[in-house]
Structures are given as structure tokens and as C-alpha cells.
Amino acid sequence: METLVQGTEPGKKPTATKASRGKRIRARMWKDRYLYLLLLPGLLYFIVYRYVPMLGITIAFKDYSPFMGIVDSPWTGLDNFRRIFESSEVVQVIWNTLIISFLQIIFAFPAPIILAIMLNEVANPLLKRVMQSVVYMPHFLSWVVVVGIVTIFFRNEGLVNDLLREAFGAQQTIGFLTEPQYFRPFLILEVIWKEAGWGTIIFLAALSGVNPALYEAAVMDGASRFRQIWHITLPAIRSTIIIMLIIRLGDVLEVGFEQVFLQLNAFNMHIGNTLDTYVYFKGIQQSDYSFSTAVGVFKGLVGLILVMGANKLSKRFGEQGVY
Amino acid sequence: MNQKSIAERLFNSVNIGLLLLISALMLFPFLYLFSVSFSSYEDFLGSRLLLWPSNWTTDAYEYIWSSRTFRQALWTTSLVTVLGTLVNLFFTSTMAYALSRPIIGQRSVMFMVVFSLLFSAGMIPTYLVVQATGLLDSIWSLILPVAIAPFNLIVIRQFFLNIPGEMIEAGIVDGANDLQIFYKIILPLSKPALAAFSLFYAVTHWNNYFAPILYINDSSKWTIQVVLRQIVVVGETTGTLGGDNMFAAQPPPPETIQMAAILMATLPILIVYPFLQKHFAKGVMLGAVKG
Amino acid sequence: MSKKRMITMMMAALLSVSLAACGQSSPGPKSAEQPQEGGKAPTEGEAKQTYTVTAIDYRYGDPPPSSSPGLTMINERFNVKYEPTFVPNTAFDEKINATFASGKIPDMIGLMTADVKNRYNKFAKQGAFLDIEPYIQEYPTLKLVPDFIWDAVRVDGKIYAIPQYAPKYQVVTVIRKDWLDKLGLEVPTNYEQLKEVAIAFTNNDPDGNGKKDTYGLAIGQDINPNFNQGPYWDPDAWYHQDEAGNYIPGMIGNGRKEFITMLSELYKAGAMTKDYAILNWADTNKEFYSGKAGIFIGTPRGMSQEYMDGLLAIHPDAQFVSLGPFKDAYGNQGLTSGAGFNGITLLSAKLASKPEKLKRILTMIDFGRTFYPEDSRNESNADFDWWSGKIGVGYEMKDGVPVNKENFASDGLAPSTYFVDNTAWAPQDFDNDYSITYQTKQLSDLVESIEAMYKEIKLYANPITGLESATDNAKGAELKKYVMDEQVKMIAGTRPVSEWDQLVQEYLSKGGADIIAEYNAGITEKDPKALFK
């Protein structure tokens, strides 16, 4: 244990001379040689398939013509980035994206946590397993299918409206899919429906590690179920929740292109046009590689700032953070 | 014979009641898919909501199964999923373990991982690298370029970090080197986490749609999502704005066939879960110290 | 017969080699190939060489297998190693994007018509494709293509694409005749009457089942179909003119305003598809073919037998009538002419340095486009027989009409399946009798009547065909989407139709004015009446 603690900040020893420090580092690295061996395959992967391609990001600063190649395509500086912001629409579009994204973080992010805790409280193992298997099923349907099903059920002449008319005597058809006020709730509910069950897996895996003795002790103390959840269950998955949240923040400008795109129509365009769909309409179809890369870089930068900020914050509060 | 308090019972029944309701909501569309896929097209057209087939028929399934492309795709996808998941587990767990130990450079490598999570190079540069490494048109192009998902790496590392230090200490005392500790102590302790992540990886492979489109030319190596999409989406793409393609395409297959295809493409991966599930349930003392 | 053909082709090839060689500014490629040929006659040596020919194209539905009898037949006949990649149409955008991005494109590429204005235009300018023009006169099926169609694919004056055949027919409005008869209504000849029919279909129970479960117009996303009965109402035709005499797009013209106004009334009356804003094309079809809606569209080529069978299974007595062009406010009557092609074939610019291989590829393309008159579409025509995978193997003759085997495409039984361009270029649209290709009487009667109507009427040639507008290329699609969305709102009343002039102004100020100016600069015929032919 001592080596572990000492190792975290090797440069801090004030008395160490340069030579001896270098020697010590080499010695430590030699001692950890098997760990470096384990690191190697993954590191190679990151270099080859993640970082070498990143050199290609240069095309965001060029007018990339495939028939000239990356190197010979002319530089355009920040033109592609300027194009993202050239229209006044873009403010609205980024605003739309952020609203949907934050609604998702507020409502869709906690859904799997709550569901996981509920499942964790089920005593009957068979019932628990069956219900787990059921709730994670929607994840396997692609957005095309999910949106298709939503359309069948909620269109003007769909089942829900029929039901409202016939069973409840509703006079007016409700345009669930065309009236703008329903657009965001539907997006969020769909995400919860599709992904909440799937999202429980990671929390349930974390919960499986909780020592049952803790619960037994709590029962002895007469703690209610809610207190047990508050004092045992939640702390057990706290670090997982924080990491998931930090990573989720990195995707703040990403709200699921396909889901949104498939549900955009003339009536909800003004609140539903997000960064991805905006870029699509602007000309992704036209093979404008430089422009789409520039948008990717922009989204990455925003995500990076948020993640670094959140990570710092999390560490300040004594949590582990992502890195 | 502990007598349960009323509050305890109320909690349980409300909890289970809610969960049953949620399960029903999640299951409902599947029931719909199921019923339509086993009905005749006439029955489908004739009824507004089919929740149980009135005349059972397996026509739709026979039609799908008779498609060579569909069968081939199921096979290719299974192969990619199994191979790919093994590769994923190897690459991810080794790297995650190394990064969970305080080795020199750990922080910078971790940052590199997080950075790549946020900044992907984009489709085209990655395509060029896949091309340069000679993987085009081979099923390895669906495996190696996604050997590690940074997100999964980060979370697995988190699991490793939560393993009590004493376990590793004990290994060191026994004279084991780091490889042995990893193999004999860490991996067995992390079974639930690894089970969860093999599921994540397997599902990602199974649902992969984009990579096969980009990297695979030979239609006999298409994966199931490509084929499924062709069956389900074909009606979406024709006839918009342009106008002249309105009649160029055949109409999409009837809904009965579409739904049968969706279920057939989903079932194989759905049944993986119950197998892995028992590993989740086997509680391992992990993170208990933190709790 | 086929031997004779081959010889003619080789003669043509030989001829063009020498032509190409003369025309080449740099003698490099030619001299590089000469030593290989040794003492032999050049053509013989080159004809023997087996070239690997690559291609990429899209397919609807199941792709053909990558090894099959049909592919072997092609390889033997043309002495090539043919390696086509078929991409599902739903994934074609992504695939073709990546293929182009890598800068390494296959020898042959098939693109959709929608790509002409963007991808084709863009990469042609970057020099990705081969200039086809020098070869047009050498290949019969290229020679058949009329100039106005070549002009439609010109980029900077050069032709980089071989258009794939489609008749100049557009779609026309089709009405349930049995419903009209039941309610004692006349076949409409203007929109006012069409509107009355639609409302009657909604309120007067035309299918006689006692339930109010029918309505008029089936219409879906993007106000599709547009039910235009002449260029006056066609959103894509440039027919109306502004005060300065410039043509303007139909999208903002008076005819469109009339039509949108009519739809807004129909919407209020419940006489058109209520979910028009969200239904995709397949679902829109279903509204009509399930017997709910009574007004839709039809066209000679590409109607769906399956859809029709579905309708006839529920309503065996369904009858149909198609509408002719309506007389417009300018006193003209006719329909907008179709583009005359659908999809394009491109060749890699790199083929310029391999003239022999290029000849081989062009020969293949030419063969695939060959038109067989109806009386020679049988086994007695060796080329047709080969093309269709030989009688008894790839197809059967039924009532004098060749019918493909069920596994024809899925098992790749015939060479025709594998050609990038496998649509015969008909010398005249009327040479194709599409009505005989359908199996039910109602459908073939309907198609026959549309074909007959097209023989009588005048077609309006869209004046912007073949012209280029930089603004349209850059933001035309986005702008069109905007106007379309606003019109969708007008139908539902979310935005009043009375704001039409304001919408036109919005179009103009968002770049529409530039588009109009740029196109009009290239239009010489200023009288729309003269464009009816």
C-alpha cells in the first residue's frame, strides 16, 4: 500500500536530485514492467485507430478535395467554422440542442438509476430476473422502428386518438406528433422508454458488489427501506453515477440525430432543429467533408470543456473523477 | 419468522406493482410486433390494433428465412459478435487494469482516453486509416477499429479501482507478479463487471450498422442491421422532395414481413442476456469497503 | 447474331482507339502499352487481356450474390473480371460519401438523379470523372440520347455522366372510377371539381359500407404527390414569370398558391389525409391502396402490382380513371415533361490512361442499354436471351411475354442484374408499352389510358433544364425545404394562406432572388407557350 501512495506524485520530493530521480523512475517502471505490457495492446489501439486518424482533423481547416488528397487540398483557415455560425439561425439551433440535452440529463439520466434501485429492492430472484430481461428489450429496437411504432400509435388517425374519441368522447383530435408542445416530452419519453432498462445494467452490476451484511446490519438497526437505499445503495453506486454524468456532459451537443430527424416536421422545426439536423440540412448530403469535420471539432471542444470542468469539480468534492 | 412491518409490505407491493406496470409498457410494442408478424397481411390491414393473431401463419418468417442475404447476415453478425467481443474484452480489461494501478504516465494515458471519447476523428479520416491498415472488406474492419470503447474502458477501470487494495497486496505477498495478479485475482473478482461489459460490447457489435456500410463491399459479408434496415426503411427514403424516384423502387415489404424481420434480427442477441445475467446476480464483495 | 455484334463492336473499339490516340495531348499511355503488344496486331493482343472492372451502384431490396451464373456469363462474354459492389439504397449516401472521400473510386459508379446537382456536380469539377462526350457517337445507345438530356448533365460544358433511361412521363392524378359512378359524379377537369369530388368522397360514403371511413386525397410528407395537372401547378416547373419577365419556380407561383389554398379547404373538410405532415411515401400509398382515400396518382412505368393486388383483394370492383391536363389561366394545356432519365452512370477519370479497358467498359455499358422491340423480347433473339439469363434458366415465356424466374435477381441468374445501367434506352417513349407489364386488368387498363393520353398531349419543357445556378447548388435544397414547410403549415392553417406574398418575399430574400437571376441569365426562350412541344 505504501508504494501506491508514494507513487502518485513522484516529482514532489524536494531533496531528490535529477539523476537520482531519473534512476528511481526507471526503477519503478521496470518494477511495473508487466503492467506496461498489459497497457501496450490498448495503447497501440488508441494510437493507430484513434489518434492517427485525428491528423485528419486538419481537413476542418481546409477545403478538402479527395482527388487532391489531404495534404494538397488548399487551406481555408477558419472558414468552415465561420460557416457554422454565419446564419442567425444557428443560435436558435444550438439553443434547441441544449434544451433537449438538458431535459435529457434531468429526466432521462436518472431514469435507469431509479429503475435499477427499484429492481434491486425486489426480493424474489425469479421475478427480478424476468423483469430485468423485459425492461432492457426496447434497447434493441432501432430508432426507425421506435419512431415507426410511436407514429402508428400517436398519429391523428392513430390508436391513441381513436381511443380518446371513442372511450372518452374527446371532440378534438390531438396532434401529438404535429403540435410543437408535445415534441420535447415525446423525445424524452422515447429515450426513457428505449434506454432506461438498458442503462440499469451498469448500476445493477455495481450494486451486485454491495456486501449483503451491510443491509442485514441496517435491518438490525431498524432502518426503513428508504433509509437503506439512501445510506447503502446510493453510496455504492455514487462513483458510477458521477462518472456517467461527467461523460454524459461531454455529449451535450449530441441529442441523437436519427431520433430527432425522423420526427421533425414543418410544425416542430423551429424547436426541433438541432445541431446535427441543421448540419444535415445545410449540406452533409453534398459530401462536404471539411464542413462536417469542423462541426465535429466544435462539438468536441464544447464537450471537452464541460468534461474537464466537471472532472475538476468532482475531484474538488472528493470524488475520483474520470481521469 | 420476522414479522414484516406494514410499511415494509407496502413498499414491496408498490415497488413491484410499479415495476410490473413499467415492464408491461416496455413489452407492449413487442407484443404488437409479435402479433403482426404471425398474422396474414389481410388480417393486418383489416384490424386497427392486432394484439393477438386471429389466424396464425408463419408465412412472414418463411419469407424472411428464404432470403439468402438474411441468413448469411445472421451468420456473419454472429461471428463478428463473438470474435469482436473477445477482442474487446482482452484489449479493454488489460488496459483498464494497467491504468487502475498507479504507474507512471497513468494520468496522461487516461487523459488520452477521455480526449478520444470526446474528439473522434470523424468518418473519413478513420476510413482512410482502416483502408491503410488493409482491413477493408474484411470482417476485421468491424472488430479492430472498435477494439476499445473509451467509455467502457473508463468504467471498467473504475470497477478495478474499487477492488480493495488488500487483495492485490495479498497477491504481492504471495510472490505473484502483476500478470498473475491480473489473471488470478482481478479477473475472477470482476466477473459481474466483465459480464456486463461483454454484453455491452456484444450488443454494440450486433447493432452495428454504420461500419459495415462503410467498410464492407461484398454483400455476402453484410451484417444483420444493414439487411434489416433495407427491409424496414426502404419506404422512408423514396419519394421525398426529388420526385423522380417515387416509382423507381418496389414498395417496401408488407408490415408482417417487416415485423418478422425485426424480431428475427433481435431474438439472437436478446437471448444472450439471461445467460450473462446469472453472473450479475452472483454478488462479489467489491466496493463493499467504500460503501 | 451475337458474334456479328461483337465484331461490329470490336470494329468500333478499334476505330475509337485510333481516334483517342490521335486526340491525346500526351502520348504517354499509348507508348507505354505498345511494347507489351509485341509483334501481334494490337487489337488482338488487347482483346485477349482480361481487365478487372470495378463498379459501385445501389439496389433496392436484396442484392444479387457476389458469385453467380449471371456474373460468370458477363466475365466470359466481355473477357473481364467484373467486380461490382451493390449497396442498399438506404445506405448509399454514406457509402458513396466514404468512397469518394478516399479519393479511390471504382471504374463505374451509378448515382441517383438527386445527386446530379450536388455530388456529381461537385466531384466532376474536381476532375473525378471521365469526359464522355468524345465517345458518344461511337456507341449506338449513347447516340440515341437526345441533346437536351445530355445538356442536363453538363458540368462546365462537359459531359461526365451517361443518363439512364426513363420515359418523359410524370405522374397524373388517378381517381376511383367506381366511387365517382356510385355518387354520380363527373371526371373533374379543373381543381374546383376535383375539390368537390374529394369532399363528396368524404361525406357521401362512396364505398357504400354505411361508415364514414373514406376521404378524398391521399397525400403525405412534403406535400407529396403534388397532383399537378400542368406546369401551372407544378412546384418544380419554371413556368410563371415575374413582372420583369423572368421565370420563377412553380413553388412560389400562382398555381401553387391555388393548390395550397385548395388543400387548406380540403384539410378543414377532412377530405385529405389528416396525417399528411408525417406520413412517408410508403404509408401514403397505403392510404389509397387500402381503400381509404379515393384520389391518388399513377404513371406508366413503375406502378406497383403488389399494392394494386392488395387493394383488389379488399375491393375487387375498384375501377380507376386518370385525369388529363387541366386548362390553365394562360389558356395553355399540357403536362411538364419528365427529365427523360433517372440515375446516371459515371466513369473514373483514371480510365483515360487505359483506352483499351475503357473501350471494354463502354462496350459493356452500351450492351446493357440496348433496346429490344417487343417482338424480339424472346429466346429467338440471342442477345436478349443471353441478357435475360437464357430461356428456362433466367426466364420463361408466358403469353408471348418474358417473365423472370422468381429467384432471378436473388440468385443472380442473369447478366442484366449486374449492370450498373440495365435499363434499355428506348428510341421513343412510346416504344415501351408499359401496360403489358402489369398482371391485373384494372392496372394495365389504367396504364394504357395514361399512355394513350400522353400520345395526345403537349409536354412543357422546363426551361432551367441543363442550366446551373451556384446559389441553387449551395442552398437550393435548404430553401426549398423552408418554403415547403411553410406551405405545410398553411394547409393546416397554422400559418394563414393570406401570408402567401410574404412567403414569396422570404424565399426571394433568403437567396431565391439570386437563384432566379442565375437561371434566367441562361434562358433564351422567353415565351413559355413556345416551350410546349
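Pick from the range C:340-367 the residues that are in contact with a Ser or Thr (Cβ under 8 Å, 6 or more places away or on another chain) and part of a strand (DSSP E or B): which of them is surrounded by the fewest Cβ atoms within 10 Å (Cβ to Cβ)?
C:Asn342
Output the number of the condition that A:Ala167 fails; it satisfies all remaining conditions of (1) assigned to a helix (DSSP H, G or I); (2) at pLDDT 85 or above.
(2)
Report every pair of residues separated by at least 6 positions or lying on different chains whose Cβ atoms are under 8 Å apart, first residue within the range B:167-192 and facing another protein chain (nearest Cβ under 10 Å) and acidic (Asp, Glu), second part of a helix (DSSP H, G or I) and surrounded by 14 or more Cβ atoms within 10 Å (Cβ to Cβ).
B:Asp178/A:Tyr34; B:Asp178/A:Leu35; B:Asp178/A:Leu38
If B:Ser198 passes every condition in (1) hydroxyl-bearing (Ser, Thr, Tyr); (2) within 9 Å of another protein chain (Cβ to nearest Cβ); (3) assigned to a helix (DSSP H, G or I) but one, which one does it miss?
(2)
If you go through the range A:165-187 one residue at a time, how many are of a type in the set (A, V, I, L, M) and crowded, with 17+ Cβ neighbours inside 10 Å? I'd like the intermediate steps shown before the answer.
So the first thing to find is which residues in the range A:165-187 are of a type in the set (A, V, I, L, M), and the list is A:167, A:170, A:174, A:177, A:187.
If we keep only those that are crowded, with 17+ Cβ neighbours inside 10 Å as well, we get A:177, A:187.
Counting residues in the range A:165-187 that are of a type in the set (A, V, I, L, M) and crowded, with 17+ Cβ neighbours inside 10 Å gives 2.
At positive phi and more than 23 Å from the chain's Cα centre (by Cα): is that true of C:Gly511 in this structure? Reasoning before the result, please.
Numbers: at positive phi: yes; more than 23 Å from the chain's Cα centre (by Cα): yes.
In short, yes.
So A:Leu44 passes all but one of these: (1) assigned to a helix (DSSP H, G or I); (2) within 7 Å of another protein chain (Cβ to nearest Cβ); (3) open to solvent by 30 Å² or more (accessible area, probe 1.4 Å). Which condition number does it fail?
(2)
Only one of B:Val203, B:Val226 is at pLDDT 85 or above, at the interface with another protein chain (Cβ under 8 Å from one of its Cβ atoms) and closer than 30 Å to C:Asp115 by Cα. Can you tell me which?
Sole residue among the options that is at pLDDT 85 or above, at the interface with another protein chain (Cβ under 8 Å from one of its Cβ atoms) and closer than 30 Å to C:Asp115 by Cα: B:Val226.
I'd like to check something: does the range C:38-56 contain any residue that is at pLDDT 80 or above, assigned to a helix (DSSP H, G or I) and under 30 Å from B:Leu228 (Cβ atoms)?
Within the range C:38-56 (the criterion being at pLDDT 80 or above, assigned to a helix (DSSP H, G or I) and under 30 Å from B:Leu228 (Cβ atoms)), the answer is no, since none of the residues qualifies.
Kindly indicate whether A:Ala213 is over 16 Å from the mean Cα position of the chain (by Cα) and facing chain B (nearest Cβ under 9 Å).
Here the answer is yes, as A:Ala213 does meet what is asked.
Within the range A:122-144, restricting attention to residues that are within 21 Å of A:Ile229 (Cα to Cα) and of a type in the set (S, T, N, Q), which residue is nearest to the other protein chains (Cβ to nearest Cβ)?
Ranking the candidates gives A:Gln132 first.
Please list, ordered by first then second residue, the pairs with beta carbon atoms under 8 Å, 6 or more apart or interchain, first in the range C:81-92 and facing chain B (nearest Cβ under 7 Å) and within 13 Å of B:Asp137 (Cα to Cα), second at pLDDT 90 or above and open to solvent by 10 Å² or more (accessible area, probe 1.4 Å).
C:Thr85/C:Thr54; C:Thr85/C:Pro106
Has the range C:241-261 got at least one residue that is part of a loop (DSSP other than H, G, I, E, B), among the acidic types (Asp, Glu) and within 19 Å of C:Lys529 (Cβ to Cβ)?
For the range C:241-261, residues part of a loop (DSSP other than H, G, I, E, B), among the acidic types (Asp, Glu) and within 19 Å of C:Lys529 (Cβ to Cβ): present.
Taking the range A:158-202 as the search range and keeping residues that are more than 10 Å from chain B (Cβ to nearest Cβ) and small (Gly, Ala, Ser), which one is nearest to C:Val488 (Cα to Cα)?
The selected residue is A:Gly175.
Which condition number in (1) in a helix (DSSP H, G or I); (2) surrounded by fewer than 17 Cβ atoms within 10 Å (Cβ to Cβ) is the one that C:Thr370 fails?
Status for C:Thr370: all satisfied but (1).
Looking only at residues in the range C:154-171 that are modelled with pLDDT of 90 or more and among the basic types (Lys, Arg), which one is surrounded by the fewest Cβ atoms within 10 Å (Cβ to Cβ)?
In this case the residue turns out to be C:Lys158.
As an exercise: evaluate C:Pro249 against (1) modelled with pLDDT under 95; (2) crowded, with 20+ Cβ neighbours inside 10 Å; (3) within 14 Å of chain B (Cβ to nearest Cβ) and give the number of the one condition it does not meet.
In the conditions (1) modelled with pLDDT under 95; (2) crowded, with 20+ Cβ neighbours inside 10 Å; (3) within 14 Å of chain B (Cβ to nearest Cβ), C:Pro249 misses (1) alone.
Out of everything in the range C:103-153 that is among the small types (Gly, Ala, Ser) and open to solvent by less than 20 Å² (accessible area, probe 1.4 Å), what residue ends up being nearest to C:Tyr60 (Cα to Cα)?
Among them, the one singled out is C:Gly110.
Looking at the range C:221-244, is at least one residue open to solvent by less than 20 Å² (accessible area, probe 1.4 Å), within 22 Å of C:Val171 (Cβ to Cβ), in contact (Cβ under 8 Å) with a residue 24 or more places away in the chain and more than 27 Å from the chain's Cα centre (by Cα)?
Checked against the condition, which is being open to solvent by less than 20 Å² (accessible area, probe 1.4 Å), within 22 Å of C:Val171 (Cβ to Cβ), in contact (Cβ under 8 Å) with a residue 24 or more places away in the chain and more than 27 Å from the chain's Cα centre (by Cα), the range C:221-244 yields no hits at all.
Go through (1) out of contact with any helix residue (DSSP H, G or I) (no Cβ under 8 Å at 6 or more places or on another chain); (2) more than 10 Å from chain A (Cβ to nearest Cβ) one by one and return the number of the condition B:Ala24 breaks.
(2)
Give me a count of the residues in the range C:284-310 that are among the acidic types (Asp, Glu), open to solvent by 20 Å² or more (accessible area, probe 1.4 Å) and more than 7 Å from every other protein chain (Cβ to nearest Cβ). Spell out how you get there, then give the answer.
Within the range C:284-310, the subset among the acidic types (Asp, Glu) is C:287, C:306, C:309.
Adding the requirement that they be open to solvent by 20 Å² or more (accessible area, probe 1.4 Å) leaves C:306, C:309.
Restricting the remaining residues to those that are more than 7 Å from every other protein chain (Cβ to nearest Cβ) gives C:309.
So the count comes out to 1.
Provide a single number: the residues in the range C:325-339 that are open to solvent by 30 Å² or more (accessible area, probe 1.4 Å) and at pLDDT 90 or above.
5
Against the definition (within 30 Å of B:Thr92 (Cα to Cα) and hydroxyl-bearing (Ser, Thr, Tyr)), how does A:Ser101 come out, yes or no?
The answer is yes for A:Ser101.
Hey, A:Gly69 hits all of (1) away from every other protein chain (no Cβ under 13 Å); (2) of a type outside the set (Ser, Thr, Tyr); (3) surrounded by fewer than 16 Cβ atoms within 10 Å (Cβ to Cβ) but one; which does it fall short on?
Unmet condition: (1).
Within the range B:64-122, work out how many residues are within 16 Å of the chain's Cα centre (by Cα), more than 10 Å from chain A (Cβ to nearest Cβ) and open to solvent by 20 Å² or more (accessible area, probe 1.4 Å).
Summing the residues that are within 16 Å of the chain's Cα centre (by Cα), more than 10 Å from chain A (Cβ to nearest Cβ) and open to solvent by 20 Å² or more (accessible area, probe 1.4 Å) in the range B:64-122 gives 7.
So which helices (runs of 4 or more DSSP H) are wholly in the range C:393-509 and hold at least 2 residues that are of a type in the set (S, T, N, Q) and more than 30 Å from A:Pro180 (Cβ to Cβ)?
Output list reads C:441-456, C:470-492.
The values are calculated or read from the model by the stated rules, or taken from the named source; none is laboratory data. Keep in mind it's a predicted model, so treat the numbers as computed, not measured. Note: ideal-geometry Cβ built from the backbone for every residue, glycine included; neighbour counts use all protein chains shown. Side chains are part of the model used for accessible areas, which takes the heavy atoms of the whole protein and leaves out ligands, DNA and RNA. Shrake-Rupley method; radii C 1.70, N 1.55, O 1.52, S 1.80 Å.
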